[in-house]
Amino acid sequence: MNVIFQHSFQAANGWRWLVQMHTADPAPLASPTVVTLPENCIINEGLEWACKFSDLPIGLTDTPTLKVSFNLASLSGSPALDHLRLRLQQPLLSEVVPSALIPAYSETVQIWNEDPNDPRASGWIDVTTNYPAQSIAPDIAEYKLTNFIILKCDKGESALAVQDFYYLFTGCQRPSPSAKLKNLQNKNFASITIEFFHSARFVLEQINATMLATYIRKKPSFYHSYAADVEFDNVPKKVQFLTQPKDVKETYAGMIFYKVFDFYGALDEVATEINKKVERKAISGVTIPVGGLGWAQLKAPVLSDFSAGSTVDTTQMYFIGSVLEPSDGKSRGGLLDAGSALYQRETIFDVLKECYEAGCIVRYDVFTYFHLDPMRGEYSGITLTSDDLQVTDEDRGAAVYRGVEIAAQNISNVRYTITGASFADKDWALKLFWHNATPESEGEKKEIDSADRVVSQKYNTTKLYALVGGNMVAVHPSCGFDNGASVLTTPSVSKSAPSDLTGVLRRDWKWGKAEYDYVVRGWTETTGLHTLVAQEILTLFGDYDQVKFPAKTARKEILAEVLPLSVGKVFSLGNGLFPWYCVQPTKAFLVSSTINIFAGTAELEFFSPKEGVL
């Protein structure tokens, strides 16, 4: 139906709000009819907008939600209202895209014929080839569609025109059973409470690895054969093959590398195509941020002495997309192939959660980028006082983390702990997707070919690479990370390989896992972006002086600053928020915000880490 449903109202604090909706339909909206909903259609106390971090303020928040209670009995009297009433109860729709059909065709070319046994004439002859009809599967075979909602507000700016209201939330209706019906015996009033979750989640959960890989392969790539001597995983040349992807110079024809930047660019493209269907717009662009890599300071290695060289720009980082067999040229295991780390996550949304969490980012989340304002700053610039907030409780020593355990592809778990904090009761498990750690050996037993070469090593598809002097090399494990206040750095790699490595080339494998770990394990534990992320987590959330506290506010000037969009911001805390006998924290993350829209009130939660770390 080519209709936009809308409902406008004024909250108790004088703010003007506008709710707009459309139902799922494959057809884009084109000069749609605007239908005003009945005044009693949306139930005042049933309109609630919320966003929170389930644990630490790192990475993505839980998906922002908007709960709306409708009076179903009011949705009648016109075909449009009847349609909305039905679709609120049956929201989902699928659009299956048929394969493109290429009809049968013939192609005629001229060839020079000199074969005396060929019954055809000698000299130039016409040769016709008949091609059967073919079908080509679409890049996106199916779209999941549902009811779509937009929440707008003037945020207290009474002179603001309706068309200039702030976009605050765009959401998609969850499928049943989240829609709850009540008062079914009342013919004039039957409520249905529906939870709309952020449209970013609905779109990104439709993207799987196969779909994304299709779009990435359309991007420019860098093919690298192995005629050149290449350093792969930050190991001096004498022990290079221990972390090389098999014996690549013989086993593989080469690898195809893609830029991490283009990984996100392809994600933007496929998300945009799905989002256009969900929003029913011909043009609806999407931008997905690159996560923690945007603040990483990664280095290319200097091949002559294995020191950390020049900084690698985020746009010039690569990953292994395909590993080609020389026999048939087919890929046998890059990140874009089935079985890789990309395919081990159910949806791309799960991949993004790991990417952002592993970057220790508390300054934004992907939901801010989807249709909403650009990246927000880390600090709000607001000082909250007792005039602004009512603080009723305090949880001192809340969520103290004693350790961080890191897991990544081909890397044994590494655990970082705070000295003397063994009596704390929480650990943080952090999965790495992109990383610059050095993969470990696979054990004492190795598979050796006839030329005494190792052929059992696996390649690392989520490891970051850089192009140096025409060769693709692994990003150096020594690195830095900008946490917003300062640049954290890892120490330079100092451990070196044993001087006598002659045994590694013999079948007795004298230089095995123990010697290899001497070189590599020390790097894994002291260098790499993961060590800086762990350090930052333990600094922010590993002290018994930290405080979590709930608060309430109805003050209009403050409400505009603590909306769910602001979850993750840091606020300054003024005097008077806590009684004189409490320790007074001075800064805190906003970690939860729930707005009762009609009442104009906010239920909030703040987290204040150890004094001085913010």
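The values are calculated or read from the model by the stated rules, or taken from the named source; none is laboratory data. None of the values given here were measured: they were computed from a predicted structure. When we count neighbours, we look across all protein chains shown, and the Cβ atoms used for this are built from the backbone with ideal geometry, even at glycine. The protein model used for the area step is the full one, side chains on, heavy atoms only, and it has no ligands, DNA or RNA in it. Shrake-Rupley method; radii C 1.70, N 1.55, O 1.52, S 1.80 Å.
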Checklist entry - small (G, A, S), over 30 Å from F197 (Cβ atoms) and modelled with pLDDT of 80 or more - does that describe any residue in the range 507-525? => result no
Item to check | Residue check for N188: at pLDDT below 90 and either closer than 15 Å to F148 by Cβ or surrounded by 13 or more Cβ atoms within 10 Å (Cβ to Cβ) (or both) | outcome: no
Next on the checklist: Within the range 250-301, take every residue that is of a type in the set (S, T, N, Q) and surrounded by fewer than 20 Cβ atoms within 10 Å (Cβ to Cβ) and give me the one that is modelled with the lowest pLDDT.
Outcome noted: T251
Next on the checklist: Which of the numbered conditions does F169 fail, given that it passes all the others? Conditions: (1) modelled with pLDDT under 90; (2) part of a strand (DSSP E or B); (3) under 20 Å from V286 (Cβ atoms).
Outcome noted: (1)
Checklist entry - Name the residues in the range 86-98 that are outside any loop (DSSP other than H, G, I, E, B) and surrounded by 17 or more Cβ atoms within 10 Å (Cβ to Cβ), would you? => result R87, L88
Checklist entry - If we scan the range 460-473, do we find a residue that is open to solvent by 30 Å² or more (accessible area, probe 1.4 Å) and at pLDDT 75 or above? => result yes
Item to check | Residue match in the range 310-319 (condition: modelled with pLDDT of 70 or more, open to solvent by 10 Å² or more (accessible area, probe 1.4 Å) and assigned to a loop (DSSP other than H, G, I, E, B)) | outcome: yes
Checklist entry - Within the range 592-609, is even one residue at pLDDT below 85 and in a loop (DSSP other than H, G, I, E, B)? => result yes
Checklist outcome for this item: Within the range 546-564, the count of residues that are of a type outside the set (K, R) and in a strand (DSSP E or B) comes to 5
Item to check | Residues of the range 580-614 satisfying the condition of being touching a Pro at 6+ places or on another chain (Cβ under 9 Å), free of Cβ contacts under 8 Å to residues at least 60 places away in the same chain, open to solvent by 50 Å² or more (accessible area, probe 1.4 Å) and farther than 20 Å from I43 by Cα | outcome: K587
Checklist entry - Which of the strands (runs of 3 or more DSSP E) contained wholly in the range 104-157 include at least 1 residues that are farther than 30 Å from E279 by Cα and among the acidic types (D, E)? => result 105-113, 123-131
